[in-house]
Amino acid sequence: MQKNHKRVKAVIAYDGTQYFGFQKQSSTSKTISSDIEKALHTLQIHTSIVGSGRTDAGVHASGQVIHFDLPYYWDDLQKLTLNLNRKLTHIRFKHIVFVDDDFHARFWAKKRLYRYVFKTRKPSIFEQNYISYYPNTFNTQALHNALHCFEGEHDFDFFRKTGTQTHTSVRTIYQAKYIQRYNYHYIYFLANGFLRAQVRMMTYAAMLHANNKLEIQEIKEQLACREKYTTHLASEEGLYLAKVFY
């Protein structure tokens, strides 16, 4: 008996400036998921998409992964990629492949990599939606030290936005590092998963320490869920979901 659908995995990139986040919302249709599903519907593909994780309003992606089901008669994935990219302006399908029917973009993901990009010189008008701005000089060694605190398994309950229910706030960060290339500064977080706004909150705390405005011990106490010293978020325009590992 022939199956009536085939599951595919797609890697996509998007400009989050145009959207109120990845996940569909009842209050607006301007989300990544909504636009992709609208494009699919115009191709007579009536399906929901599932992402590896949600990104907030204004946050970008260069390697988000989604899955969805195709009608059995769709077998030309190159043609599908071409058609979708013609219909979408701020979202780009990088590639689409067939996967097992039980593949799940979120639950099968092993690691996720986020990249935060900023400059200490004001970004140009062409960069301002994609690169964050920290006007002060900062201590690079202090930034390394702060980021190192986050590595390992921790309860990140004090490093997340409230409002999203999860069965646990424990996450493992495999690597948190800072590098500089020319006038661009990069912070990377590689973990098994992230809580809502966790990356932006950790980035802000690390930059506070790098600017001598937050003690390393205070970061450790907040990480131990003893006391909250900062709940501010780094600005969204510099954040990218860079890659998802399976």
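Remarks
- Which of D155, D76 has the fewest Cβ neighbours within 10 Å, and the rest in rising order: D76, D155
- Whichever aspartates and glutamates have a C-alpha closer than 18 Å to that of K243, once near sequence neighbours (fewer than 8 apart) are set aside: D15, D56
- Of E227, E153, the sequence from fewest to most neighbouring Cβ atoms within 10 angstrom is E227, E153.
- Taken as Cα centroids, the stretch 140-209 and the stretch 17-81 sit 27 Å apart, rounded to the nearest whole angstrom.
- Taking F68, F22 and counting other C-beta atoms within 10 Å, the order from fewest to most: F68, F22
- Simple spin-label estimate for R196 and K110 in nanometres, 7 Å along Cα-Cβ: 3.0
- Given K24/K94; K119/K213; K24/K177; K111/K161, the pairs whose alpha carbons are separated by over 27 Å: K24/K177
- Under 20 Å from the Cα of K30 - lysines, other chains or at least 8 residues apart: K38, K87
- Mean separation of Cα pairs under 8 Å and 6 or more residues apart, divided by the residue count, gives the chain a relative contact order of 24 percent.
- Within the stretch 88-119: backbone nitrogen closer than 20 Å to the Y174 label point (7 Å, Cα to C-beta): 104-116
- Taking a point 7 Å from the Cα of D76 along the Cα-to-Cβ direction, the residues of the stretch 90-112 with backbone N closer than 18 Å to it are 95-98.
- Pairwise FRET efficiency - N212 versus S26, Cβ, R0 = 41 Å, nearest 0.05: 0.40
- Spin-label pair K228/Y182, simplified geometry with 7 Å Cα→Cβ offset, distance in nm: 4.0
- Within the chain, no whole DSSP H helix has Cα atoms reaching 27 Å or more along its own axis together with a mean Kyte-Doolittle score of at least 1.6.
- Per residue of the chain, the DSSP helices (runs of n ≥ 4 H) give a summed -39500 (n - 2.57) that works out to -6500 deg cm²/dmol at 222 nm.
All of the numbers you see were taken from the coordinates with simple rules; none came from a lab. Keep in mind the model is a prediction, meaning the values are calculated, not measured. All Cβ positions, glycine included, derive from the backbone under ideal geometry; neighbour counts span all protein chains shown.
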